[in-house]
Amino acid sequence: MSLLQIEKLTRNFGGLSAVSNVSLAVEEHELVGLIGPNGAGKTTLFNVLTGVYTPSSGRVMFQKGDKSIELSKLPPYKITRMGVARTFQNIRLFKELSVLDNVKIAMNHEARYGLFGALFRIGQYFKSEALIEEKAHAFLKEVNLDELAETKAKNLPYGKQRQLEIARALATGAKLLFLDEPAAGMNPQETHALTSFIKEIKEKMNLTIVLIEHDMSLVMEICERIFVLDYGKLIASGTPDEIKNNPRVIEAYLGDEVEL
Amino acid sequence: MKNVLNKRNLITLVIIGVLFFVVQLLIKERIITAYMRSNIYWIGIYIILGLSLNMIIGITGQLSLGHAGFMSIGAFAAAVVLKTNPTLTGLFIGIGIGVLISLAVSFVVAVPTLRLKGDYLAIATLGVAEIIRIVLNNLSVTGGASGISNIKMLMSWPLLYTFVILTIFLTHNFKNSAIGRACISIKEDEIAAEAMGINTTKYKVIAFMFGAALAAMAGSLFSTTYYIVKPDSFGVNTSINILILVVFGGMGSLSGTIIATFIIGLVNIVLQPYAEIRMILYALILIIVMIFRPQGLLGSQELSTKLLPNFKWKRKEKSS
Ligand SMILES: Nc1ncnc2c1ncn2[C@@H]1O[C@H](COP(=O)(O)OP(=O)(O)OP(=O)(O)O)[C@@H](O)[C@H]1O
Ligand SMILES: [Mg+2]
């Protein structure tokens, strides 16, 4: 069984089929790319996969241990609890909060006390808070952001914000990550640093990653397989070399400035 | 338990104790007059109201325009009980009943409205506060439109101080917990919060009910301070007055709300003789603040003993 199985997924907005009858599967520990021209439905697909939108039809199955879970029936926060997390095309950090607090919020499920524990600081409160603090710092060390722990997210340089967003998604304990244009707006050095960061965390934390990206050199360099969407439909899938030479893909991108 | 008895907490405890005894002494020596005392009670009750609304608006980012409605529930619950049982026990029973009713009403309002994203809560709370007011206006146990008068006056500095400190303790703990962080993440970005595994509806409901319960408590204290309650004292004007404290002090800043309440309490005293122009000046001051500090006095920052060990001394002077 594949880790993620998308079956005949459709999402309509009025008369528009932003995602149209898409079926695909992602295997454990893969790094796959999702590409396509602007408006092809890539972000919409992520939004359906993470529960922001419900599918108009079709379903999404996720393998957790030996259980098969229908993600498309769950609200976003429960999908995250299953070990599936994402980043956003237009960064959505908790801007006014520190890097540390951004990560702590992702680790909120680790708290072992309820409302009364919080209000009166009884039970596991102190132990639990100390543990979360320690885990958050350890996690930030692992993703090389610990020196910036006290910095407000909005004051980070752009590249670091993107990096923090990935780190925050990981801090939820996710094993499957959806990254929506992680290199958008980055200069070549930042893109390079990000590429090695993604590779590094993937190996270190045994992740499965699906990433949307317009930067073709990045996609071709790190993705093992690539899916191509156009007008909501899956028009091709295969290795980077196969995709580069696929006539339908070339046609879809015709007129775009993207170099394949 | 070394966490509890660290240096910071000890300093805070000492400040809390000193402030209490200084004001107590000033009252005993009659340096603080009965008129001043009534103003101090006003400030204390509004600190509780401001802090409670801050949980909803400042911490969780949900606009509520009906806070006075929950206040009135507590006010009438205490008034009714105090009529038959004019003792501290009666007051505590009244507070308990008010808090329970307030929790029930806020739950009924919150669950359908807070599942939605957007400012539906503002409209719903506005409506609910009006419904509460109209119900009270027509309810015979609460005296209808004329309300309840000659309520046993049990308010005292120790009583007020206990409840204010309790509220600061609870709201501070709420804010600085995993629950508080969840609420803050909702204010920052609801979609991102949900994507981080936060059950946003649950935390919005918790924050709203917590705020509503504290407001009811403040309402009960109001009854026993001013010995008369009328449904029309808890209209939208009162809700806006509470909202102003939160906006003026800074959304999400507890110390900001406290300072703002002091300042507005003092302004009220100073402007007392000029009743006609009081509202105009009041509005003017707010407009000026909003122009020069739109984020409120403290923004979302807190003053703490860690940053400014002398700060709370100033508060003592202001209240004396
Ligand atoms: N909430 C919505 N309501 C209506 N239409 C929408 C909505 N979200 C997306 N769309 C439409 O669906 C189509 C696909 O949009 P989507 O954002 O998924 O594209 P994309 O592949 O991510 O593009 P880009 O590369 O520009 O990010 C677009 O035509 C878009 O206008
Ligand atoms: Mg997109």
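The values are calculated or read from the model by the stated rules, or taken from the named source; none is laboratory data. Please read these numbers as outputs of a predicted model, since none were measured by experiment. Virtual Cβ from ideal backbone geometry, glycine too; neighbours counted across all protein chains shown. Side chains are part of the model used for accessible areas, which takes the heavy atoms of the whole protein and leaves out ligands, DNA and RNA. Shrake-Rupley method; radii C 1.70, N 1.55, O 1.52, S 1.80 Å.
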What lysines sit close enough to B:K152 to cross-link, taking a C-alpha to C-alpha distance under 26 Å and skipping anything fewer than 8 places away on the same chain? B:K28, B:K83, B:K230
Value at 222 nm in deg cm²/dmol, rounded to 500, when DSSP H runs of n ≥ 4 in chain B each add -39,500 (n - 2.57): -24000 deg cm²/dmol
What does the accessible area of B:M279 come to, in Å² to the nearest 10, when a probe of 1.4 Å is used? 120
State the answer as a single residue: which of A:I243, A:V210, A:P55 lies farthest towards the positive end of the charge dipole of chain A, with beta carbon charges of +1 for Lys and Arg and -1 for Asp and Glu, about the Cα centre. A:P55
So what is the accessible area of the protein assembly as shown per residue, in Å², with the probe set to 1.4 Å? 44
Taking the Cα centre of chain B as origin, sum charge times position over the Cβ atoms of Lys and Arg (+1) and Asp and Glu (-1), and report the length of that vector in debye to the nearest 20. 880
Dipole magnitude (debye, nearest 20) for the range B:122-207, charges at Cβ of Lys, Arg, Asp, Glu: 280
Within chain B, which is the longest segment containing none of the trypsin sites (Lys or Arg not before Pro) that sit in a DSSP loop and have at most 14 other Cβ atoms within 10 Å? B:118-305
Per-selection Rg to Rh, the range B:35-233 - Cα, Kirkwood hydrodynamic radius: 1.00
With every protein chain present, what accessible area does B:Y227 have (1.4 Å probe, heavy atoms only), rounded to the nearest 10 Å²? 120
So how do B:M55, B:M153, A:M1 rank on accessible area, 1.4 Å probe, biggest first, that is with the largest at the start? A:M1, B:M153, B:M55
Based on Cβ point charges of +1 for Lys and Arg and -1 for Asp and Glu, what charge dipole magnitude is obtained for the protein assembly as shown about its Cα centre, in debye rounded to the nearest 20? 2720
Calculated FRET efficiency, B:M153 and B:L281, Cβ-Cβ r, R0 30 Å, to nearest 0.05? 0.50
Compare the peptides B:213-226, A:4-17, A:50-63, A:169-182 by average per-residue count of other Cβ atoms within 10 angstrom and give them in order, highest first. B:213-226, A:169-182, A:50-63, A:4-17
Residue-level accessible surface for B:F20, protein heavy atoms, 1.4 Å, Å²: 40
Could you state the orientation-averaged shadow area of the convex hull built on the Cα atoms of the protein assembly as shown, in nm² to one decimal? 30.5
If you take the accessible area of A alone, add that of B alone, and subtract the area of the pair, what total do you get in Å², probe 1.4 Å, to the nearest 100? 2700
Quick one: if the Förster radius is 30 Å, what FRET efficiency do B:Q295 and B:N237 give, using the C-beta to C-beta distance and rounding to 0.05? 0.75
Could you please put B:V18, B:V229, B:V135 in sequence from largest to smallest accessible area, using a 1.4 Å probe? B:V135, B:V18, B:V229
Where in chain A are the DSSP H helices whose alpha-carbon span along the long axis reaches 15 Å or more and whose Kyte-Doolittle mean is at least 0.0? none
In nm, to one decimal, how far is the B:N138 label point from the A:F116 one, both placed 7 Å along Cα→Cβ? 3.9
Quick check on my link table: of A:K127/B:K187; A:K73/A:K127; A:K95/A:K199; A:K152/A:K175, which ones sit more than 29 Å apart, alpha carbon to alpha carbon? A:K73/A:K127
Select from chain B the helices, each a whole stretch of DSSP H, whose alpha-carbon atoms run 18 Å or more along the helix axis and whose Kyte-Doolittle mean is at least -0.5; answer none if there are none. B:7-28, B:34-54, B:67-84, B:88-114, B:120-137, B:157-175, B:200-226, B:236-249, B:254-271, B:275-292
Ranking B:V205, B:V105 from most to least accessible area with a 1.4 Å probe gives B:V105, B:V205
Can you give the FRET efficiency to the nearest 0.05 for A:Q124 and A:A25, using r as the Cβ-Cβ distance and R₀ = 45 Å? 0.65
Please compute the average number of Cβ atoms from other chains found within 10 Å of each residue's Cβ in peptide A:107-115. 5
Roughly speaking, what is the centre-to-centre gap between the range B:239-274 and the range B:160-208 when only Cα atoms are used, to the nearest Å? 22
Compute the distance from the alpha-carbon center of the range B:33-71 to that of the range A:32-66, in whole Å. 46
